[in-house]
1. Collect the residues in region 104-123 that are assigned to a strand (DSSP E or B), surrounded by fewer than 14 Cβ atoms within 10 Å (Cβ to Cβ) and touching a residue at least 40 places away in the same chain (Cβ under 8 Å), keeping them in residue-number order.
2. Anything in region 54-69 that is free of Cβ contacts under 8 Å to residues at least 60 places away in the same chain and within 15 Å of residue 121 (Cα to Cα)? List them, or say none.
3. Given the condition part of a helix (DSSP H, G or I), more than 12 Å from the chain's Cα centre (by Cα) and buried (at least 17 other Cβ atoms within 10 Å of the Cβ), answer yes or no: does some residue in region 28-46 qualify?
4. Somewhere in region 83-99, is a residue assigned to a strand (DSSP E or B) and surrounded by 19 or more Cβ atoms within 10 Å (Cβ to Cβ)?
5. Going through region 47-78 one residue at a time, which ones are outside any strand (DSSP E or B) and closer than 21 Å to residue 10 by Cα?
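All of the numbers you see were taken from the coordinates with simple rules; none came from a lab. Given the structure is predicted, the values throughout are model-derived calculations rather than measurements. Cβ placement follows ideal geometry from the backbone for every residue including glycine, while neighbour counts extend to all protein chains displayed.
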């Protein structure tokens, strides 16, 4: 299973997140023109293969960015708590995910085009999923 498919499959079944956004979790290029709020958008800005002295380790390190949107800061913070909980639990839920490190949280952001509050979470993911 590819990284993007695995991420969607995992997040769209994580109970706490589903309770807030349903399955409105989109890869960056597939966001509807006028999405129903709240929703999440994810992307993979970079990907690197991990090598050891013996060569390719069959692990990859990917940076993942997840943005989550809603009408108020309080609602965005509630989504953020569930996204963080999901990402931190992912290695225990999937043996192909060795480590998920939250490297940055940029909160209290505003998108004037959509008139929505949002935050973004950056994750460094070590895994053996297909890219």
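1. Passing the criteria: only 111.
2. 65, 66, 67, 68, 69
3. There is no residue in region 28-46 that is part of a helix (DSSP H, G or I), more than 12 Å from the chain's Cα centre (by Cα) and buried (at least 17 other Cβ atoms within 10 Å of the Cβ).
4. yes
5. 76, 77, 78
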